[in-house]
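Rule-based calculations on the coordinates, nothing more; no lab input. Please read all numbers here as calculations on a predicted model, not as lab measurements. Please note: Cβ atoms are built from the backbone with ideal geometry, for glycine as well, and neighbour counts cover all protein chains shown.
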Amino acid sequence: MENLRYELSTTKPAGGTRAVALVGVVASGNLEVLLERGEAADRCVIDIATPAHGFADLWQAVTADFAARSAAGGLRITINDGGARPDTVALRLAQGVRLMEKPE
Amino acid sequence: MTSPTAAAPHAPLPADPHRSWYEESARGRLSHLLDAGSFSEFLGPQRRELSPHLALFNLPRQFDDGIVVGAGALAGKPVLVAAQEGRFMGGAIGEVHGAKLTGLLHAARQMKRDVVILFDTGGVRLQEANAGELAISEIIRATVQARAAGVRVVGLLGGRAGCYGGGSLIAGCCSALVISEQGRLSVSGPEVIETNKGVEEFDSKDRALVWRTMGGKHRYLIGGVDLFVADTVAAFRAGALAALDRPPTLDQAVLAAEQARLERRLARFGDTADGTEVWARLGVNQPTDVPDMDLDDFLTIANRQREGADAAR
Amino acid sequence: MRDWNTKGRDRQARLDAGRHFAAGKIVAAHDLVAFLEAVLRPGDRVCLEGDNQKQADLLAKALAKADPAKIHDLHMVQSGVVLPEHLDIFETGIARRLDFSYSGPQSARIARMMFGGQIELGAVHTYLELFARYFIDLTPQVALIAAVSADKDGNLYTGPNTEDTPTVVEATSFGKGLVIAQVGEIVDRVPRVDIPADQVHFVVNAQRPFYVEPLFTRDPAAITETQILTAMLAIKGLYAPYGVRRLNHGIGFNTAAIELLLPTFGERLGLKGKVCTHWALNPHPTLIPAIESGWVEQIHCFGSEVGMEDYMRARPDIFFTGPDGSLRSNRAFCQTAGLYACDMFIGSTLQIDLAGNSSTVTGGRVAGFGGAPNMGSDARGRRHPSAPWLRAGEEADPDGTPALRRGRKLVVQIGETFGDGNAPMFVERLGALELADKLHLDLAPVMVYGDDVTHIVTEEGIANLLLCRDKDEREQAIRGVAGYTEVGRARDRKMVERLRERKVIQRPEDLGIDPLDADRGLLVAHSIKDLMIASGGLYRPPSRFRNW
């Protein structure tokens, strides 16, 4: 397994009050994203465990775009990857942020 | 990052009772099955109770190890629930996954609270073979102990991975089973049968044959399950409620009756080569029409012709 | 004095040789190998019928059993190289030269055999192109064809899978060649005459149906959220503004998603009756819900699809059906229709380069073209106007004199930025070029040329290449929808933003689409079973697609 960590500056704080959210499942081409709070409001930390080695540049690009575009400030995000493609990763991250904004 | 497959997250769920049970995730099924807002999870994903084995094989882990357990309410009645996620490693049962279910069943016995298990499993997780096999034995024991204490253990069968191997043995110990047409229940899976007995015996790619042999309609007709429902979250909720109304009895008389019933089944159908032959012997007039029948037509015929299921199964 | 009828006399000699094995026109199946050895000559041009769907499989097997000492160096001119026997005959020397169109399941083996020198390649064609050559310089001396049934005179009934048969027979029979048909049964009277008896010389009773591949069945259960997003973009960003009524869809899951979104997402956009009314299309099961809800007026089919027969029979207003009630397909006519009478082709591909050239060649496979390049190209001979065609022409050449300006067919490539096995759809250099180098081909196998492509749709947005004014803009428009592929990440971000302001690139949000709304709940059918139910039980899915 390859473990990656990105500590990112964000532009918008996460909305809502929900403490935790989970989207996706660990299946071929899919991933699960666990979102928790606890970081500073201008920062987002993303930890990734992936069985596919050598895609760090892609993870870097996807997570950087996510931090720049989404309301992700204050989130601690942990990803278990099942070999998802970048577009699926971006979609799950966006779904996670939206779910955090909803009441439990 | 590798090949894509169909993927539906459990997250943004429209409140649609017609949503397919088969398509839903474990968490999605639970959220529609239980009374709104009633669910509280034990050992949720943020607890990170991960498999201690999968990393050795460079395989990704899932925060809940493929099973969601907790407490909730069904039409106001408190229940304990477990939902397997068939898309994570085919819902296979590993050490943590198994321990969560065992613990839930122990709690059920102590609390005298009924249990609903949402099966979606291929059986033992091969990478955790010994731990997984032990887990299944422990689950079966815990199931029987809970039932002996008067607790109902209801199984819902309609997931993508079916209910195979050790999972089917657990299902066999339940007090009542609810199945949809898409549901499959069998000890050996299609590929296992083909590998061991040859493609002439069983062509695992002939999906109609797979469903005629282990699918929901067949299982309902031969009394392998108690209730047959549509493939919707609402139908499974109604089915679970009905199953929880059935008697919890597990005693010697029930077991003896079940043994006698299974012996009769073997004598009556043991030489048949296909589900359609079994259905013909049950008195179904046009057995080849059964797979394409809609729910109402099927239930009309099945409830007239089927073998009765027994409380012990 | 010149002999003006050598071809006719040659055919007569073959007829005489074949008659030893025949009762009337009927040849017994157990004599088939000896019969073929009697009527074939070394070096013959032979069309062994088969395409991406139907196969003259009995005749293929018999030909593969012929004695290479008697029959060798054949020149095979055929649509599809699909069955193992189609290539076995090159290994044994029965055949040597090959002109074909499609090789699907044999794509890896055919490449190996070409590289190993076992196959002498003429060319890889489109269907229509190969059919054309049957009438010019590749006329078969012998055609081995397949039909459902024959009468004693040799009238043939092809059933819904007529496909290539009339074209092959026309060229062969009137070109003084010999036509040999395998049929599933001999009947007193065929349900309809698809091929008249006087064009058929011998018939062999296979006593079973010819093989047909269900190639166009896409299980809705396998459609992903990302594919749904691309489908939403296509409907709202292309179908709606251009008002595309006459079109062809490719075979992939993205277009299957479009078909399943018409009665939901399309209906909400008020597009019913305004788009997708007339089709050149195989009978896609995923189109059933749209047909049933009144979207579709008419469909002409290249071939049939396994399990769709009864449904089409019950919808004669929509499909072309014969006096017997069953579908009449015709690949040559439908390809022509797709080329000249459709305003849009939309299909998936495996690779697109920076100029917009696309190819399905990857990893040393020669998959052939089938019909996609005919659909996916601008017909330079087209002269009739239509709104989408004129609008596309104007976008490409806004300053041209309207009455002298050509319209443009909308040729759309749709897909996700990463495909199976995480392979990027966008590449700097097509894998087809390496294959052409390796096999010393004059032409790299390009499916759709960049100058024919008008739009590229991915989950990141739509690139309208008609609005690009130079090579750089075109390249950046492509990079601008290439997502996280290397091609996409190497974009000039400023230029891409400028292109977006000009609507050369449109993002989901520019079209009012939230990617998070791309949910499987939007699909009108979620499973093959749903399609069967939508058809009122008339669609009979093959067993391999069932989960009931």
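As a size descriptor, the averaged projected area of the C-alpha convex hull of the stretch A:2-101 was calculated at 5.1 nm².
Computed over the alpha carbons of the protein assembly as shown, Rg followed by Dmax gives 30.6, 109 Å.
Counting every C-alpha pair in the stretch B:26-248, the share spaced more than 31 angstrom apart comes to 16%. Legend: mean number of C-beta atoms from other chains within 10 angstrom of residue C-beta atoms, peptide B:46-52, equals 2. With the biggest extent put first, the Cα atoms of the stretch C:11-212 measure 49, 34, 31 Å across the principal axes. Any idea what angle helix A:56-69 forms with the longest principal axis of chain A, computed on alpha-carbon atoms, 0 to 90 degrees, nearest 10? For A:56-69 against chain A, the angle is about 20 degrees.
Most tightly packed first, judged by the mean number of other beta-carbon atoms within 10 Å of their residues, the peptides C:223-236, C:259-272, C:315-328 read C:223-236, C:259-272, C:315-328.
Compactness ratio for the stretch B:251-306: Cα radius of gyration over 2.2 N^0.38 Å (N = residue count) comes to 1.35.
The calculated FRET efficiency for the pair B:ASP289 and C:GLU120, based on their C-beta separation and a Förster distance of 45 Å, comes to about 0.25.
For chain B, the longest principal axis of the alpha carbon atoms and the long axis of helix B:95-111 meet at an angle near 80°. Our note on the geometry: Cα centres of the stretch C:421-499 and the stretch C:144-170, 42 Å apart. The order of the peptides C:21-29, B:85-93, B:275-283 by mean Cβ neighbours within 10 Å, most packed first, is B:85-93, B:275-283, C:21-29. In the structure shown, the pairs C:LYS54/C:LYS176; B:LYS217/C:LYS236; A:LYS12/C:LYS503; C:LYS25/C:LYS70 are assessed against 30 Å; a Cα-Cα span above that value is assigned to B:LYS217/C:LYS236.
As a rough footprinting exposure proxy, the listed residues C:PHE100, B:PHE57 were ranked by other beta carbons within 10 Å of their own, and the order from fewest upward is B:PHE57, C:PHE100. In order along the stretch C:514-530, phi translates into HN-Hα couplings of 8, x, 6, 7, 6, 10, 5, x, 6, 6, 6, 9, 9, 8, 4, 4, 4 Hz, rounded to whole numbers, per the Karplus curve 6.51 cos²θ - 1.76 cosθ + 1.60 with θ = phi - 60° and x for Gly and Pro. Summing +1 for each Lys or Arg and -1 for each Asp or Glu among the other residues whose beta-carbon sits under 11 angstrom from that of B:VAL116 gives +4. Each label was represented as a point 7 Å from its Cα along the Cα-to-Cβ direction; for B:LEU126 and B:ALA256 these points are 4.4 nm apart. When both the stretch C:64-134 and the stretch B:235-313 are represented by their alpha-carbon centers, they are found 54 Å apart. Comparing Cα centroids, the stretch B:44-113 and the stretch C:230-275 end up 42 angstrom apart.
Relative to the longest principal Cα axis of chain A, at what angle does helix A:86-101 sit, 0 to 90 degrees, rounded to 10? Tilt of helix A:86-101: around 20 degrees. Backbone phi angles across the stretch C:352-357, fed through the Karplus curve with coefficients 6.51, -1.76 and 1.60 (θ = phi - 60°), yield HN-Hα couplings of 10, 9, 6, 9, x, 5 Hz in residue order; Gly and Pro are listed as x. A quarter of the convex hull surface defined by the alpha-carbon atoms of the stretch B:116-192 gives 4.9 nm² as the mean projection. Neighbour counts of C-beta atoms inside 10 Å place B:LEU255, B:LEU266 in the sequence B:LEU266, B:LEU255, starting with the fewest. B:LYS100: which lysines have alpha carbons under 28 Å from its alpha carbon, excluding same-chain residues fewer than 8 sequence positions away? List returned: B:LYS77, B:LYS112. Ordered by the number of other Cβ atoms lying within 10 Å of each residue's own Cβ, fewest first, C:ARG429, B:ARG237 fall into the sequence C:ARG429, B:ARG237.
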